[in-house]
1. Can you say whether D81 is acidic (D, E), surrounded by 15 or more Cβ atoms within 10 Å (Cβ to Cβ), over 14 Å from the mean Cα position of the chain (by Cα) and modelled with pLDDT under 95, as far as the supplied structure shows?
2. Limited to the range 1-29, what total is found for residues that are touching a strand residue (DSSP E or B) at 6+ places or on another chain (Cβ under 7 Å), under 14 Å from D57 (Cβ atoms) and in a helix (DSSP H, G or I)?
3. Any residue that is of a type in the set (S, T, Y), closer than 21 Å to G148 by Cβ and not in a helix (DSSP H, G or I) - is there at least one of those in the range 108-124?
4. Take the conditions touching a Ser or Thr at 6+ places or on another chain (Cβ under 8 Å) and more than 23 Å from K150 (Cβ to Cβ) and apply them to Y30. Does it pass?
5. For Y32, which of the numbered conditions (1) of a type in the set (F, W, Y); (2) under 15 Å from the mean Cα position of the chain (by Cα); (3) surrounded by fewer than 19 Cβ atoms within 10 Å (Cβ to Cβ) fails to hold?
Amino acid sequence: MRLLLHTCCAPCTIYPLKVLREQNHQVTGYFYNPNIQPYREFAKRKATLEEYAQKTDLKVLFNPSYDLEEFLSQTRPWGPDRCRTCYRMRLTAAAQEARAQSFEAFTTTLLYSRFQKHDWIRDVGEEVGSRYEIPFYYQDFRAGWNEGVKESKVLGLYRQPYCGCIFSEKERFQKVLEWHLKP
């Protein structure tokens with residue numbers, strides 16, 4: 001199957017790409033992540049994906065948009081449910097691209113992460129796929145988490161310490177700061 005793989009970053013691409021290629025899918029990556037902040041982090045993840053794609057002969061379509069303002073306006077009002085809105089933004093862009101480029105289906109590396117909300121990703125992927133008449137290919141890649149982490153370290157890839165959004169960054173580093181400031 002010709003499959004468009006929405007890609008959040010290089011380390012999260014390693015295991016899903018391996019599995020999908022083993023299943024004989026023709027995989028093309030797609031990078032659209034307006035959630036990644038600050039811009040330096042976005043640029044670093046993009047550059048790392050370009051480096052990894054070259055090493056693994058992965059064609060990647062890079063969406064030139066960095067819709068930070070749209071991301072913030074759509075996710076801020078939703079509090080803890082902001083992730084669902086973020087998934088919808090990114091998977092909508094992937095579905096539209098998959099349809100425009102005549103792929104047979106689309107999926108996402110978000111399904112690799114132990115920290116993402118799988119049920120939400122699957123629901124949003126199927127909803128968006130139905131809307132744009134392109135199947136969402138669901139596969140749970142979490143079993144390969146440790147393998148992907150290990151391989152990313154062997155390859156010397158930049159590994160980010162948070163999902164990318166400013167809300168996630170705050171949650172991660174605020175906990176660390178509070179722990180250090182305890183009396």
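1. Details: acidic (D, E): yes; surrounded by 15 or more Cβ atoms within 10 Å (Cβ to Cβ): no; over 14 Å from the mean Cα position of the chain (by Cα): yes; modelled with pLDDT under 95: yes.
No: the conditions fail for D81.
2. Here the count works out to 3.
3. Within the range 108-124, the first condition is being of a type in the set (S, T, Y), and the residues that meet it are 108-109, 112-113.
Restricting the remaining residues to those that are closer than 21 Å to G148 by Cβ gives 108-109, 112-113.
This time we only want the ones that are not in a helix (DSSP H, G or I), so: 108, 113.
Yes, the range 108-124 has at least one match.
4. Numbers: touching a Ser or Thr at 6+ places or on another chain (Cβ under 8 Å): yes; more than 23 Å from K150 (Cβ to Cβ): yes.
Here the answer is yes, as Y30 does meet what is asked.
5. (3)
A quick yes/no check of all residues on (1) within 14 Å of the chain's Cα centre (by Cα); (2) without any contact (Cβ under 8 Å) to a residue 40 or more places away in the chain; (3) surrounded by 17 or more Cβ atoms within 10 Å (Cβ to Cβ):
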residue	(1), (2), (3)
I36	yes, no, yes
T48	yes, no, yes
Y52	no, no, yes
L58	no, no, yes
E70	no, yes, no
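Yes/no per residue for (1) at pLDDT below 95; (2) among the hydrophobic types (A, V, I, L, M, F, W, C); (3) closer than 15 Å to T7 by Cβ:
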{"position": "I36", "(1), (2), (3)": "yes, yes, yes"}
{"position": "E51", "(1), (2), (3)": "no, no, yes"}
{"position": "V60", "(1), (2), (3)": "no, yes, yes"}
{"position": "E104", "(1), (2), (3)": "no, no, no"}
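Quick grid of which residues meet (1) touching a Pro at 6+ places or on another chain (Cβ under 7 Å); (2) more than 21 Å from A95 (Cβ to Cβ); (3) charged (D, E, K, R):
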residue	(1), (2), (3)
Y15	no, yes, no
N24	no, yes, no
G29	no, no, no
N35	no, no, no
F42	no, yes, no
T56	no, yes, no
V60	no, no, no
E69	no, yes, yes
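The values are calculated or read from the model by the stated rules, or taken from the named source; none is laboratory data. For clarity, every value in this text was computed on a predicted model and none was experimentally measured. As a convention, Cβ positions derive from the backbone with ideal geometry for all residues, glycine included, and neighbour counts pool all protein chains shown.
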